[in-house]
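Undergrad: Sharing a structure with you now.
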Amino acid sequence: MRIVLLGPPGSGKGTQAVKIAAKLGAAHIATGDLFRAEIADETELGLLANEYIAHGNLVPDEVTNALMRERLARPDAEKFVLDGYPRTIDQAGALETALEGLGRPLDGAFLIDVPDSDIVERAVGRLLCNSCGAIYHLRFKPPQVAGICDVCRGILSVREDDTPSTVRHRLTVYHRITAPVLKFYEERGKLTRVDGVGAPQEILERLLAELKRE
Ligand code: AMP
């Protein structure tokens, strides 16, 4: 199968994409990972992409589309789960054209639907261990001793970009840019919305049930 996974930041899209790809025996293709590999290799593309990524901006469409065209043409992309692409309407069009050219049309796009209020609630209250990186949540996964990591006894703190206002800003950007992408797939009868509220395993099962229907 060839699918696109869509969802707001903090919807657990990346985690689900890895699991679904393994289940389908498909390539997990995440633009963020591809860019990070280019940056690590210090390629020309990596150096350019880093200018945008470092400031939290999207890499220009033409650069992203060229990278993905090349990646999707590889033999292992016969089946894939796309994660983080397309993020703009221009990218959705470019993906459609590239896949048509390859004779590998998309089976569907799946949206992990999580209300903004839940995203803010999940992100706000998240605690990170300064020493080992373990993640906790004041409500959903509290540490045994307040402020102390269960694993390594390190000090827990709140991530700087997890304040309600920054989380809301990330969501605003997501809705502005992604709404047209959802419409793009909806118009083609290719969008399936999956309830993204619940435990990760439950959401995975919902996604797999929808995939079976395809
Ligand atoms: P991610 O790992 O998906 O959060 O991506 C990390 C960063 O890579 C993003 O903040 C963007 O700067 C860039 N990026 C990833 N995917 C795309 C895309 N489809 N279009 C443009 N930039 C992207």
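Bear in mind that the values in this text are calculations on the coordinates, not laboratory data. Given the structure is predicted, the values throughout are model-derived calculations rather than measurements. Counting neighbours? That spans all protein chains shown, and the Cβs are built from the backbone with ideal geometry, glycine included.
Undergrad: With the Cα gyration tensor of region 1-51 giving a ≥ b ≥ c as the square roots of its eigenvalues, does the rule (a/c under 1.5 for rounded; else a/b larger than b/c for prolate; else oblate) give rounded, prolate or oblate?
TA: Prolate, since a/c reaches 1.5 and a/b exceeds b/c.
Undergrad: Would you work out which of Leu48, Gln144, Gln16 lies farthest towards the positive end of the dipole of the chain, given +1 charges on the beta-carbon of Lys and Arg and -1 on that of Asp and Glu, about the Cα centre?
TA: Gln144
Undergrad: I've got another one for you. Say a paramagnetic label sat at a point 7 Å from the Cα of Leu58, along Cα to Cβ; which residues of region 66-87 have their backbone N under 13 Å from it?
TA: Counting backbone N atoms under 13 Å from the label point, the list is 84-87.
Undergrad: Let me ask something additional. For a test of the definition: using alpha carbon positions, the gyration tensor, and the 1.5 limit on a/c, classify region 114-214 as rounded, prolate or oblate.
TA: Note, shape of region 114-214 comes out oblate.
Undergrad: Of Thr192, Thr178, Thr43, which is the most mobile in a GNM of the chain whose springs link Cα atoms less than 10 angstrom apart?
TA: Highest fluctuation of the listed residues: Thr43.
Undergrad: In terms of the ratio Rg/(2.2 N^0.38 Å) built on C-alpha atoms, what value belongs to the chain? Could you put the intermediate results ahead of the total?
TA: Values: Rg = 18.2 Å, N = 214, 2.2 N^0.38 = 16.9 Å.
Against the compact-globule rule of thumb, the ratio is 1.08.
Undergrad: Here's a follow-up. For His55, His28, which order do you get if you count the other beta carbons within 10 Å of each Cβ and list the fewest first?
TA: The order, fewest Cβ neighbours first, is His55, His28.
Undergrad: So how much slack lies between Leu102 and Lys79, counting 0.36 nm per residue of separation and subtracting their Cα-Cα distance, in nm?
TA: 7.1 nm
Undergrad: A further question on this structure: Please say if region 46-137 is rounded, prolate or oblate, where rounded means a/c under 1.5 for a ≥ b ≥ c the square roots of the C-alpha gyration tensor eigenvalues, and otherwise the choice is prolate for a/b larger than b/c and oblate otherwise?
TA: prolate
Undergrad: While we're here: If I build a Gaussian network model for the chain, linking alpha-carbon pairs within less than 10 angstrom, which residue out of Ala49, Ala146, Ala66 has the largest mean-square fluctuation?
TA: Ala146
Undergrad: So if each residue of separation counts as 0.36 nm, and I subtract the Cα-Cα distance between His137 and Ala37, what length gain in nm does that give?
TA: Numbers: separation 100, 0.36 × 100 = 36.00 nm, distance 3.04 nm.
My answer for the length gained is 33.0 nm.
Undergrad: If you restrict to DSSP beta bridges whose two residues both lie in the chain, what percentage is antiparallel, to the nearest 5?
TA: The antiparallel fraction comes to roughly 30 percent.
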